[in-house]
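The values are calculated or read from the model by the stated rules, or taken from the named source; none is laboratory data. It should be emphasised that the depicted structure is a prediction, and the values quoted were computed from it without experimental measurement. Please note: Cβ atoms are built from the backbone with ideal geometry, for glycine as well, and neighbour counts cover all protein chains shown. Heads up: the accessible areas ignore ligands, DNA and RNA and are worked out on the full protein's heavy atoms, side chains in. Shrake-Rupley method; radii C 1.70, N 1.55, O 1.52, S 1.80 Å.
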Amino acid sequence: MNLPESKNLSLYWDKYSFFSLKKSDNNKEGILKKMIDLLQNLKEKKYILDILQTRRKLIHEKRKPIINLKMKVRSKLLVGAGSPSPVEVGITLSRNYGVPVIPGSAIKGTFASFLYENGEFDKFSHIFGDEEKEGALIFLDAIPVSDLRLSVDIINPHFQPYYMQEKSPPNDWYDPVPVKYIVVGEGIFQFTVLEDLERSIKDSEKKEIKERFIEMLKVYGLGAKTNYGYGRFNDVLS
């Protein structure tokens with residue numbers, strides 16, 4: 001099948017790359033290079049980011065956010081590692097705009113885990129909701145605003161026969177099998193959290209929530225491989 005050239009990162013990643021892989025099992029390197037080239041050479045990239053910014057500003061005009069932060073990726077960022085991927089490790093991209101995003105559900109879940117591990121979840125449980133009522137906060141997707149760059153990372157599993165459930169014990173006599181994948185190497189993302197109109201939060205509590213949220217982004221991290229230093233952010237401006 002001869003497909004027309006795609007300039008949309010998401011369309012290429014989710015569709016075209018699998019056709020490319022079907023033609024050649026050894027084409028993973030080409031897929032990774034194409035991903036980086038698509039983002040770096042996309043003339044409409046700034047235009048797309050401007051559209052996302054405009055849409056976010058319209059939301060802010062109607063609903064003043066309790067959290068509105070632009071944070072810079074301090075380390076590599078990998079969100080959506082378990083998603084379907086032609087190169088084993090996935091990444092989350094905006095379906096329509098074709099740029100990396102961080103889903104609001106992932107941000108909400110990570111913030112809840114952060115508070116739970118620090119023994120503070122019960123104090124803030126009302127902002128997340130439960131089976132009986134909705135949460136008091138609405139977590140929007142974090143969108144890139146500038147300095148967006150993709151890069152290739154690598155892991156070297158040493159026990160492939162063991163992982164493949166063959167009758168082989170895990171040991172270091174196996175050859176490493178490099179796995180390369182796409183990460184966000186650089187970028188500034190905008191994080192927006194809104195207050196539910198039907199629920200009110202005290203101003204003093206809003207301040208504390210924002211402080212804990214920033215700490216989560218700086219110390220705890222977002223996405224996969226946070227134990228290896230991934231997913232940390234630096235405060236840029238609010």
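Tabulated data for the structure shown
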{"read-out": "Added length on full extension, which subtracts the Cα-Cα distance from 0.36 nm per residue, residue 180 to residue 36", "value": "50.5 nm"}
{"read-out": "Cα→Cβ-extended label distance, 7 Å offset, between residue 237 and residue 205, nm", "value": "3.1"}
{"read-out": "Acute angle (nearest 10 degrees) that the helix 45-62 long axis makes with the longest principal axis of the chain, alpha-carbon atoms", "value": "20"}
{"read-out": "Sum of -39500 (n - 2.57) over DSSP H runs of 4+, divided by residues of the chain (222 nm, nearest 500)", "value": "-9500 deg cm²/dmol"}
{"read-out": "Cβ-based charge dipole, the chain, positive-most Cα from 190, 138, 111", "value": "190"}
{"read-out": "Solvent-accessible surface (1.4 angstrom probe) belonging to residue 33, in square angstrom, nearest 10", "value": "130"}
{"read-out": "Net dipole in debye of the stretch 72-140 [+1 Lys, Arg Cβ; -1 Asp, Glu Cβ; about Cα centre; nearest 20]", "value": "520"}
{"read-out": "Links that overshoot a 20 Å alpha carbon limit, given the list 108/210; 123/207; 33/180; 15/108; 108/206; 76/206", "value": "15/108; 76/206"}
{"read-out": "Cα→Cβ-extended label distance, 7 Å offset, between residue 198 and residue 46, nm", "value": "4.4"}
{"read-out": "In degrees, nearest ten, helix 104-117 long axis to first principal axis of the chain (Cα)", "value": "70"}
{"read-out": "Candidate values (1) 60, 38, 35; (2) 57, 47, 33; (3) 49, 43, 38, label of the one derived for Cα extents along the principal axes in Å", "value": "(2)"}
{"read-out": "R0 of 45 Å, Cβ-Cβ distance residue 64-residue 228: FRET efficiency to nearest 0.05", "value": "0.75"}
{"read-out": "Net charge contributed by nearby residues that have their C-beta within less than 13 Å of residue 67 (K/R +1, D/E -1)", "value": "+3"}
{"read-out": "Percent accessible area from carbon and sulfur atoms, the chain, protein chains only, probe 1.4 Å", "value": "49"}
{"read-out": "Computed over the chain: relative contact order in percent, which uses C-alpha pairs under 8 Å that are six or more apart", "value": "28"}
{"read-out": "Angle between the chain longest axis and helix 203-215 axis [Cα atoms, degrees, rounded to 10]", "value": "20"}
{"read-out": "Point-charge dipole on Cβ atoms (K/R +1, D/E -1) for the chain, about Cα centre, debye to 20", "value": "940"}
